[in-house]
Amino acid sequence: MEELQSALKGNGLTLSNLPEKGRCLLTTRDFHPGEVIISQEPYVCVPNKSPVESRCDGCFTTSNLKKCSGCHVVWYCGSTCQKLDWKLHRLECEALSRLDKDRRKCVTPSIRLMVKLYLRRKLQSEKVIPTTATDNYNLVEALVSHMPDIDEKQLVLYAQMANLVNFILQQPDINIKEIAENFSKFACNAHTICDSELIPLGTGLYPVISIINHSCLPNSVLVFEGRLAVIRAVQHIPQGAEVLISYIDTTGSTMTRQKALKEQYLFTCACPRCIKLGQSDDIQESAVLEGYRCKDEGCNGFLLRSSDDKGFICQQCGRVRDKEEIRKIASEVKSMSEKALMSLSSGNQLEAVSMHQTIEKLQRKLCHPFSISLMQTREKVLKEYIQGSIPCLDYNIIPVESLNGFWEILRMQ
């Protein structure tokens, strides 16, 4: 890791170990808001697989695509992307071409990502593709897998996927147990590559970026410029501080965030926000972000469960909302959400917009004005208008006063 340390030094960073966290990146100089801290190209990456549209393996575009005539799995937008990818795809193409049509349909992006990982390792070991301090398989080996923490059902799935990868590659020196462990590494360390509008395009493995730890109060953010992963400071980071990003959506309550981190990344966060779990500020934040609204529409108080468990009491005006009334509206929201999903999957966008409008009206009766689920529904409606060019049918999608309050909630965090 001496070469990596030397490379990081040029970025004003150093690799270190913290007792409760393991490896981390610390700053060796000050970073200012907006400044690039570090960037990395993916060791391997694949575009998402969609029945609606395909993407170029090189740049992830959906325009002017042609399918590889050899494997009939991979798409390219032109000769530039195809030539840049050819050293690696030549081997992948040979491996995929050996499969019959039914087996090729089973080749998911995760399977392709693993196949490409081993093919890239092979090419680097044969000096066909150069290695650098930030681009080599040793960095993948150093990633945490959390294998001891994985349940038996997931282990069986990884083993099955590993067998399929082994069947595709047909390389006798590959260890199936190692492949399964690498699938676990993917689950904890791979990143979803998004465009500027945060629309997922694909998945990539960035071994150096993966060293950066999580916080629900991050000082940095991960963004993508094409396939390039870029870490930018979002606040002043003094010399000697740890670089921290968020692995999840931080707008949820502490319990929601903890649950997401435990399920996906197999650790319990102990950041400044999470250590407040159960304290009065945290209880209020949870009730606002994920709780119910007061019966009085002019009141923005948050509700807590009554001692007899028959309703919820507004902590501002004291009014009580009946538990059965809340359950009935929540059931309507759930039913309408399922119908909206069916409409979208069948391509009926106008109907889906109408249903999401109905959901938003129901949520305004149910949720606190600054509720995350209410904001998410409004975001869906806005996206559907933008993407489908649907006229706004005299509909007040997001009241200005709600947005102002939402920014207040974000500042509380």
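The values are calculated or read from the model by the stated rules, or taken from the named source; none is laboratory data. If you're wondering where the values come from, they're calculated on a predicted model, not measured in any experiment. Note that we place each Cβ from the backbone using ideal geometry, even for glycine, and neighbour counts take in every protein chain shown. To get the accessible areas, we keep the full protein, side chains included, count just its heavy atoms, and leave off ligands, DNA and RNA. Shrake-Rupley method; radii C 1.70, N 1.55, O 1.52, S 1.80 Å.
Answer with yes or no whether residue 250 is under 16 Å from the mean Cα position of the chain (by Cα), polar (S, T, N, Q) and in a loop (DSSP other than H, G, I, E, B).
yes
A quick yes/no check of all residues on (1) modelled with pLDDT under 95; (2) assigned to a helix (DSSP H, G or I); (3) surrounded by 14 or more Cβ atoms within 10 Å (Cβ to Cβ):
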site	(1), (2), (3)
333	no, yes, yes
347	yes, no, no
377	yes, yes, yes
392	yes, no, no
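Would you please list the contacts, defined by Cβ atoms under 7 Å and residues six or more apart or on different chains, that run from a residue in the range 314-339 that is over 11 Å from residue 303 (Cα atoms) to a residue that is open to solvent by 80 Å² or more (accessible area, probe 1.4 Å)?
323/310; 329/365
Of the residues 193, 111, 129, 179, which single one is open to solvent by less than 30 Å² (accessible area, probe 1.4 Å), in contact with a Gly (Cβ under 6 Å, 6 or more places away or on another chain) and either among the aromatic types (Phe, Trp, Tyr) or at pLDDT 95 or above (or both)?
193
Does residue 75 qualify as being over 28 Å from the mean Cα position of the chain (by Cα), aromatic (Phe, Trp, Tyr) and modelled with pLDDT of 95 or more?
no
Does residue 71 qualify as being closer than 24 Å to residue 169 by Cα, in a loop (DSSP other than H, G, I, E, B) and open to solvent by less than 40 Å² (accessible area, probe 1.4 Å)?
yes
Answer yes or no: is there a residue in the range 287-298 that is assigned to a helix (DSSP H, G or I), among the basic types (Lys, Arg), more than 15 Å from residue 377 (Cβ to Cβ) and in contact (Cβ under 8 Å) with a residue 12 or more places away in the chain.
no
Kindly list, by first and then second residue, each pair from a residue in the range 209-228 that is closer than 18 Å to residue 258 by Cα to a residue that is hydroxyl-bearing (Ser, Thr, Tyr), limited to pairs with Cβ atoms under 6 Å and residues at least 6 apart or on different chains.
Short answer, once both residue conditions are applied: 214/247; 216/250; 218/246.
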